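One structure is given below, encoded as structure tokens.
The values are calculated or read from the model by the stated rules, or taken from the named source; none is laboratory data. Owing to the predicted nature of the structure, the values given are computational and were not obtained by experimental measurement. Neighbour counts run over all protein chains shown; Cβ positions are idealised from the backbone, glycine included. Protein only, heavy atoms only, side chains kept; ligands, DNA and RNA dropped before computing areas. Shrake-Rupley method; radii C 1.70, N 1.55, O 1.52, S 1.80 Å.
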Amino acid sequence: MFLITSLKKGFQAGLQTTWTLGKVIFPVTLIVSLLQHTPVLPWLIKLIQPVMGIFGLSGEAAIPLVLGNMLNLYAGIAAILTLDLSVKEVFILAVMLSFSHNLIIESTVAAKVGIKIWVILLVRIGLAVSSAIMINLLWKGGAETAQYGFIPKQAAAPEGYLEIGLSAVQKAGLGIVQLALIVIPLMIIIQYLKDKGFLTVFSRWIAPVTRMLGMKENTSMTMVAGLTIGLAYGAGVMIKAVEEDGVSYRDLTLAFIFLVSCHAVVEDTLIFVPLGIPVLPLLIIRIVTAVLLTMAVGAIWDRFEHTSRKEATYEN
């Protein structure tokens with residue numbers, strides 16, 4: 001009976017979360033998929049090509065950069081595989097896309113959780129730009145041409161308005177199906193663990209890490225969800241955590257600042273392996289950046305709150 005109750009509650013929570021996120025993911029995926037077949041993306045690529053030199057990149061590197069940010073990492077990587085770039089250029093692109101990819105969907109989903117979109121965009125784009133400039137200035141090697149592990153077969157582009165429209169609807173629909181297949185089982189598992197009291201134990205285990213980053217223990221599920229399955233799919237767990245665990249706006253903001261720097265850390269690192277670049281430095285850069293940035297923002301936030309409280313006391 002206990003198991004059935006947990007399954008039912010978890011399934012209902014999964015459906016509700018899928019509906020909440022699906023209302024964002026479906027239209028955004030549909031619109032972006034349609035934009036691929038308009039002059040919009042080529043215009044964006046042409047617009048940013050002149051500034052590529054600042055990041056140590058050639059003009060054509062704008063193609064994977066725009067595709068990765070407008071669509072997802074896979075689109076960006078597929079574009080990289082079609083270009084003759086140096087190891088340094090590929091590594092810079094990998095770092096930039098690690099921090100800043102799938103901007104439209106992931107930023108909109110973050111807003112559903114309660115974070116302001118401009119905060120997410122500022123952190124992600126800022127990290128991508130600053131990291132690229134630093135790597136370009138500090139790394140003098142990597143001039144040899146990158147040797148890619150494999151080149152995936154490119155699917156034939158749809159032709160005609162009807163085929164393009166159907167393809168866009170199919171992509172958006174598959175996105176919702178994939179979301180449901182991940183979120184619903186995840187919610188069932190989490191509900192069962194919560195009902196059995198395991199999540200309380202788990203929160204205590206990782207409490208030293210969350211405290212080091214300036215957050216309370218109740219942010220543990222938010223952090224784990226984002227680290228393992230990413231912002232878009234992990235947002236479902238985050239929404240429930242905010243509702244049920246009473247995560248404060250401060251802690252939620254700090255958690256998202258950490259996660260935008262370092263989310264889906266295993267998957268988003270391993271998919272760069274075919275590009276023939278060292279992925280360990282990529283992983284280290286993401287983790288170190290996430291830790292230092294989150295601790296710095298938390299310290300500044302606490303200092304600001306302390307000053308505000310002191311001023312309020314003087315006024316009274």
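Tabulated results
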read-out	value
Residues within the stretch 126-149 that are touching a helix residue (DSSP H, G or I) at 6+ places or on another chain (Cβ under 8 Å) and either aliphatic (A, V, I, L, M) or over 19 Å from Ile284 (Cβ atoms) (or both), tallied	12
Some residue of the stretch 39-50 being touching a Gly at 6+ places or on another chain (Cβ under 7 Å) and modelled with pLDDT of 85 or more	yes
Near pairs, Cβ below 7 angstrom, 6+ apart or cross-chain, from the stretch 119-139 (over 22 Å from Leu259 (Cα atoms)) to any residue that is outside any helix (DSSP H, G or I) and open to solvent by less than 50 Å² (accessible area, probe 1.4 Å)	Asn136/Gly56
Positions within the stretch 115-132 being farther than 18 Å from Pro64 by Cβ and open to solvent by 40 Å² or more (accessible area, probe 1.4 Å), in sequence order	Lys116, Ile117, Trp118, Leu121, Leu122, Ser130
Residue list for the stretch 272-292, filter: over 21 Å from Glu217 (Cβ atoms) and open to solvent by less than 30 Å² (accessible area, probe 1.4 Å)	Phe272, Pro274, Leu275, Ile277, Leu282, Arg286
Selection count where residues are open to solvent by less than 70 Å² (accessible area, probe 1.4 Å) and part of a helix (DSSP H, G or I), scope the stretch 202-218	5
The stretch 28-61: number of residues that are of a type in the set (S, T, N, Q), without any contact (Cβ under 8 Å) to a residue 40 or more places away in the chain and either touching a helix residue (DSSP H, G or I) at 6+ places or on another chain (Cβ under 6 Å) or part of a helix (DSSP H, G or I) (or both)	1
Conditions (1) in a loop (DSSP other than H, G, I, E, B); (2) open to solvent by 60 Å² or more (accessible area, probe 1.4 Å): number failed by Leu83	(2)
Positions within the stretch 188-201 being open to solvent by 60 Å² or more (accessible area, probe 1.4 Å) and modelled with pLDDT under 75, in sequence order	Lys194, Phe198, Thr200
Any hit, the stretch 168-186, residues being farther than 30 Å from Leu254 by Cβ, assigned to a helix (DSSP H, G or I), open to solvent by 60 Å² or more (accessible area, probe 1.4 Å) and touching a residue at least 60 places away in the same chain (Cβ under 8 Å)	yes
